[in-house]
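Below is one structure, written out as structure tokens; comments come after it.
Each value in this text was obtained by applying a stated rule to the coordinates, not by laboratory testing. All figures in this text were calculated on a predicted structure; none of them were measured in a lab. Note: ideal-geometry Cβ built from the backbone for every residue, glycine included; neighbour counts use all protein chains shown.
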Amino acid sequence: MQTLLPYLPSLLAIAVLLPLGSFCAILLGAQWLGAKGKFAGTLATTAVLASTVLSFFSAGIWFTAHPAGAVDHAAHEVPPVITGHGYTLATLAGTNVGINYYIDALTIVMFCLVTFIATCIHFYSTSYMHDELDDVVDQEALLEDGESLHRPGRYARFFQSLSLFCFSMLGLVLSGNYLMTFVFWELVGLCSWFLIGFYVERTTASTAANKAFIVNRIGDFGMLVGMMALWGSLGTLNFGDIDQQQGIFSQVRGEENHYALKVPDGMVRLAAGRQIEALALHATEPLTTEQLAAKVNAEMPVWREANLGYGLLIIAGLGIFCGCVGKSAQFPLHVWLPDAMEGPTPVSALVHSATMVAAGVFLVARSYPIFLPEVLLVVACAGCITLLIGASIALVATDIKRVLAYSTISQLGYMMLALGCGGWAAGVMHLVTHACFKSLLFLGSGSVIHAVQTNEMPQMGGLWRKMPWTAGTMLVGCLAIAGIGIPSVFGLPIGLAGYYSKDLILEQVYAFRSENPLWGSFFFAAAAGGACLTAFYMFRMWFLTFWGEPRAAKRFDRAHESPRVMVVPLVLLAILAVCVAWPAFSWFGLPTLSRSIEQARPAGIWADMHGALWHITLPEESKGHTAAVTSPVGLIELGAALAGIALAALFYAWKVLDPEDVSRSFHPLYHTLYRKWYFDEIYQAVFVRGTMALAHCASLLDRLLIDRLVDGLARLGVGLARLSDLWLDRQGIDGLVNWFAEQTYRLGSALRTLQTGSLRQYVMLIVASTVAMFLLISFWTLALTG
Amino acid sequence: MLFTLVNHLTTDTLASLVGLGAELVLCATIVLILLARMFQLTQRIDSTWLAMIGTLLALMVLSPLTPWDVTRSPVEMVSIGELPQVELFTGMLVHDGFGVMVKTLLLVFLLLLFSLIKLTKAHGKADSPDFTTLLLGATIGMFLMISTNHVLIVFLAIEMASVPSYAMVAIRRGDRKGSEAALKYAVYGAGAAGVMLYGISLLCGLLNSAHLPTMAMRLSELTSAGLSGSQTVLLVMAALMILAGLAFKLSAVPFHQWCPDVFEGATAEVGAFLSVASKAAAVALLVRVALGLGDSVDPSLLATVRSFLAMLIGVVAMVTCTFGNLAAFAQTNMKRLLAYSTIAHAGYLMMAVPPMLALVGVDNAAASQCAGYLGLYLAVYLLMNLGAFAVVAFLRDTMGSEEIRDYAGMIHRSPSVAICLSILLVSLIGLPPLAGFVGKFAVFGGIAQGYLATGDTLLAVMLLVGCLNTAVSLFYYLRVVKVMTMDPIDDEAAPMLVGPGILQRSYLWCVTLPVLLLIIGWNWLNVWIQAATSGLFS
């Protein structure tokens, strides 16, 4: 396997390109893919399945070459990374901008994760989207006359978008520079737009698609700013070193500095522009470029001490994070994700919970080396607020997919919080485990919706009798997301996937609290409380859906277990949700999740980080794994989860407490949560109305001033033209042209009569013409000479 | 003495045979076709295929990029730009790049024409051996026209090209129109030949030679000594009479009367041959004769002769062009329209000759460039005119009519045909970005170059007349396009039950696409042609 290591980039590139091939094939050849594009599903599924096989094969190669756990970060060993250059798009100022790749354990793990979940969802979709094979009557899209909309099915188009998404997402994971990341970033955004707006005739869907797209653009604007800061100061957008050319990571965390974060020279130089100018001006004699560079280098430590360029690095970090805020639906740009649930449920499972929205977290993890503690504090704050907002709204939502959407927001907040507190591995691990159980939960909810044809939980209930597989797998998902596990059995903690990652997060936040009491206390309270809320709203959902008596008899009667092709992915993902994070795999020599992630830990993220502007300290992650931290935190977490489940049971299973009663008692709070903290209203009032007002002013200016001016000029021009048309054109030119045409035609007709067809005449003409020509020439010469 | 002479003749003839390779291959093909019909087994072979193979072989022997240089011993291939001008068979013929270039164009045209004949129904298998033999024979005559260096060969070659043509026009037995046309053609041709022969005898008698370079030398001696009045009259008369013969082949006004009648009577395939191959050979012959008489070792001596010839050719060209375009206006038959279009294009072709004559001695490089422009025009004209005649042939096969009004609604009946014919006609007008523009622009560019270098007002007038004619020709070409695309289908129009087949349509596209796309990369063609003509004025 080791000998195959050089082919790893090619293998992964093929894995990326296969879905693109399927996309192109469906795009161009939809009409040849069976009736209504029936084989589009097969094609897309085959492509992504092949990608999955390639990804797992690559993982095998990688972990044979670099066994997980072999890299000792305590001894400051650098993680193995493969970087390389694929294709140069442009060479600007001596630096290449192109397609290149950055492969480390994180890439490998993300590849396996994305392709595996995507495969499950493709299989699931072939059955879920079955209706689209025939003409569809869309009950939710009403025409102007109140009739339901009839339209042809869009089975092929669905898989076409799904394939494009897989390509973009895998490309995003593989990309080796910010530009490529940005391109794929936009591509996944575009796919998301396609897929949210899949039922485009529904006003809600098209609005939601536009909302998602526009909100994401706000984040991307920040990302562009960050990229410009990096490009302008460092002259490269590459992550790693390629062909002796230093990438961003090694400029920020250089080997000579023991991988500790320092402001790179380029940024210092850019920030110290005025000082450099002064150096050049105050020199006694004119300096050559080399001399000036030497002087600047000599001054560099002083300037760095004065924190020159520090702000630039903060801007770069915040800018990149800004993009992540948009994509990962963090506060304050979280508003698009719940609306995005208008798309088909498999899309929600793949794009809007497991992979695309996690791309923001992935990018923060990828860019971790360049994030200053100050930036990370902002990340943590954003994550913390998001976690609370998401969890609180999920408490009262009644739409099953919206509960899951808010839960996604909340869990993404967890990841950001973990990353912001210095818990790199914790955040990434939660990303992986969350992808597993959240896609499971979404597919389960899709199965339910497929059965009862509604999203509203008040119209469900008791469904476990009708669909035991769905209920069972969803229960596993709920337990996993709640983080159920036993802190210590035989010295090892045993639990579902969510337990391990959430435990890591809480441990890290706990360790953070011991360094920064003020921030830390708040964060820890939010994280622990959030764990309780998570358990509550997830079990509220489960109880409302599957437990108790059916609340809508008609729908209940129609309900049925989904076909096997939908259940098998559920079971597969359920197995994953249980055991993906088990440390026990290492007994069989397999790489465990935590060790694989640990292997990818970027160089330098193994020491405490101290903020230079604010007094914060990010503890390195192993500090959270001491017994003094793990035992209380484990108990707190389990307690919170159990408390949440118990509370949910009190409300919805045993009906000891009446939810109606509670919501009436806390009406203002309930209403605030029900209206989603009024975010949409506030944004509507401030941004949308503000923009509209501005646009209105501009349009007034346009209509009253500019339009009138232009209209006047145009009228003048028309008048002049009419005048010239009447006099010059019609009379003069047209007349001339017509006269000429008439005359030539008449001449032509006259010449035609010369052709008599009489042979005798023709032969006569030969002689006659020759003689005539001779006479003509003679007379002419005579006239000229005489 | 005798031995030396015989020895000399043998070596000269043997060396000359290589220079005549393409013609010999064509001759062999004719013999093969004639022999093939004598045996039961070979009788079944369609002689068109044999002719195509022969043509291909001839093209290979001619080797257009690296022709044979017969001056070297042993004979070897050189790149066309380095081919020297050399006389064959003791000065009867001349072998040079210009000849190779025009012959190549003719052979390519012949290949395309044979494919067209395979795709149409007019010349079926029964007549095939006769028809192909005649076609190849006429081509050999044209080859001789192209490489002539001797006045006798001029006459023989013209006859050799013409006589098979008469027969080809009449080849459809029982077609009264064809027979009538052939008779007219033959009688008219005989008349023209008679006049020309009279002119030749006058000229040879005056100059005591029939070898063109020798004649030029004598002429320069005469002019330097001063011409008497009777000599001048004789010379002018002889030149006019020879020109009458050439003008007959070129269908230049006023020796064009045969042309519309013959084109109408002959099939479109024969029309294409007469319109393209015959014109190409005739204009090459015109170049040979005009330069042969006007270009001697010391160019300054023959300036008056050259300017007279330039004026004569220029005026005839202008008149021909204008007359052709004007007379085409009121035509209702497509073949007649194309006949007049051919006359007009013969005028454009002739217009390329006067700047050559004007530039000799002033700027020889520019003069040979002008010859190259003529070649470029020929190459383009070959494709577009062949395409137009092919459309006529296909439509005759499918709807049995050649009337323009029956083409109404063609865009709905057979869009491919309508689009191709529209492109070809617009190219015949010479509008950019089609190939016709490239050719016309090159020829006019050559005239402008000549005018700038010499300041000859004739050239300026020619440029003006040429441009005006282009504008005038717009009308009748576009009328056909309008009929095809905009006019409604007439109830009485000839029916088209089955449109042209896929082979026919792809043939049309094969001819049309180069016309459409030549503008993208025409330089390679220009480079080759310019290299071929670079040795014309040494």
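Some observations on this one:
- Local net charge near A:Gly719, Cβ-Cβ under 14 Å (Lys/Arg +1, Asp/Glu -1): 0
- Residues of the stretch B:324-365 with an amide N closer than 14 Å to a point placed 7 Å from the Cα of B:Asp490 along the Cα-to-Cβ direction: B:331-334.
- Local electrostatic count, A:Trp547, Cβ distance below 14 Å [Lys/Arg +1, Asp/Glu -1]: +4
- As a proxy for reagent exposure, ranking A:Cys381, B:Cys259 by other Cβ atoms within 10 Å from fewest up yields A:Cys381, B:Cys259.
- For A:Ser521, the shell of other residues with beta-carbons less than 14 Å away shows a net charge of 0, using +1 for Lys and Arg and -1 for Asp and Glu.
- Using a cutoff of 8 angstrom between alpha carbon atoms and counting only pairs six or more residues apart, the relative contact order for the stretch B:62-153 works out to 27 percent.
- In chain A, the longest principal axis of the Cα atoms and the axis of helix A:203-234 are about 90 degrees apart.
- Fewest-first ranking of A:Trp336, A:Trp464, using other Cβ atoms within 10 Å as the exposure measure: A:Trp464, A:Trp336
- Estimated inter-spin distance, B:Lys118 and A:Val688, nm [label 7 Å along Cα→Cβ]: 7.1
- Percent RCO, i.e. relative contact order, over chain A, from Cα pairs under 8 Å lying at least 6 residues apart: 12
- Counted residue by residue at 0.36 nm each, then reduced by the alpha carbon distance between them, the extension gain from A:Val737 to A:Leu279 reaches 157.2 nm.
- Potential extension, B:Arg37-B:Ala471 segment - 0.36 nm per residue separation minus Cα distance: 151.1 nm
- All Cα-Cα distances of chain A, cut into 10 Å bins from zero to the largest, leave 2, 12, 21, 21, 15, 9, 5, 4, 4, 3, 2, 1, 0, 0 percent in each bin in turn.
- Helix A:517-546 axis versus longest C-alpha principal axis of chain A: approximately 80°, rounded to the nearest ten.
- Residues B:Glu180, A:Glu681, sorted so that the one with the fewest Cβ neighbours within 10 Å comes first: A:Glu681, B:Glu180
- Relative contact order (percent, whole number), the stretch B:2-533, Cα cutoff 8 Å, 6+ residue spacing: 14
- Between the stretch B:17-43 and the stretch A:516-548, the alpha-carbon centres lie 99 Å apart.
- Placing a label point 7 Å from the Cα of A:Leu190 along the Cα-to-Cβ direction, the residues of the stretch A:29-52 whose backbone N falls under 18 Å from that point are A:29.
- Convex hull projection area averaged over all views, the stretch A:570-717, Cα basis, nm²: 22.8
- Only Lys, Arg, Asp and Glu carry charge here, each on its Cβ (+1 for the first two, -1 for the last two); on that basis chain B has a dipole of about 760 debye about its Cα centre.
- Distance in nm between pseudo-label sites at B:Val527 and A:Asp729 (7 Å out along the Cβ direction from Cα): 4.7
- Overall size of the stretch A:344-477 from C-alpha positions, given as principal axis extents largest first: 53, 24, 23 Å.
- Counting every pair of alpha carbons in chain B, the share spaced more than 34 Å apart comes to 35 percent.
- q = 0.14, 0.18, 0.22, 0.23 Å⁻¹: log10 I(q)/I(0) that the Debye formula gives for the stretch A:716-786, counting C-alpha atoms only: -0.73, -0.86, -0.95, -0.96
- Model label zone, B:Leu111; criterion: amide N under 15 Å from point 7 Å along Cα-to-beta-carbon; scope the stretch B:49-88: B:49-66
- Ratio Rg/Rh [Cα only; Rh per Kirkwood] for the stretch B:235-358: 1.02
- Given R0 = 51 Å, the distance between the Cβ atoms of A:Arg675 and A:Leu642 translates into a calculated FRET efficiency of 0.95.
- Rounded to 0.05, the FRET efficiency of the A:Leu149 and A:Ala552 pair, given R0 = 30 Å and the Cβ-Cβ distance, is 0.75.
- Part-to-part distance (alpha-carbon centres) for the stretch B:393-419 and the stretch A:599-636, which is given in Å: 85
- Kirkwood-Stokes translational diffusion coefficient of the protein assembly as shown, alpha-carbon pairs, 20 °C, 1.002 mPa s, µm²/s: 55
- For A:Asn307 and A:Thr91, the FRET efficiency from 1/(1 + (r/R0)^6), where r spans their Cβ atoms and R0 equals 25 Å, is about 0.15.
- Our note on the geometry: Cα centres of the stretch B:131-171 and the stretch A:266-288, 88 Å apart.
- In the stretch A:658-771 the Cα-Cα distances spread across 5 Å bins starting at 0 as 2, 8, 6, 6, 6, 6, 5, 5, 5, 5, 5, 5, 4, 4, 4, 4, 4, 4, 3, 3, 2, 2, 1, 1, 1 percent of all pairs.
- Taking only alpha carbon atoms, the stretch B:343-493 gives an Rg to Rh ratio of 1.10, where Rh is the Kirkwood radius.
- Dipole magnitude for chain A: about 1400 debye, using +1 per Lys or Arg Cβ and -1 per Asp or Glu Cβ, origin at the Cα centre.
- Nearest 10 degrees, 0 to 90: helix B:229-250 Cα axis against chain B principal axis: 30
- Prolate/oblate/rounded call for the stretch A:518-601, Cα gyration tensor, a/c under 1.5 rounded: oblate
- Distance (nanometres) between label positions extended 7 Å along Cα→Cβ at A:Leu287 and B:Met60: 7.7
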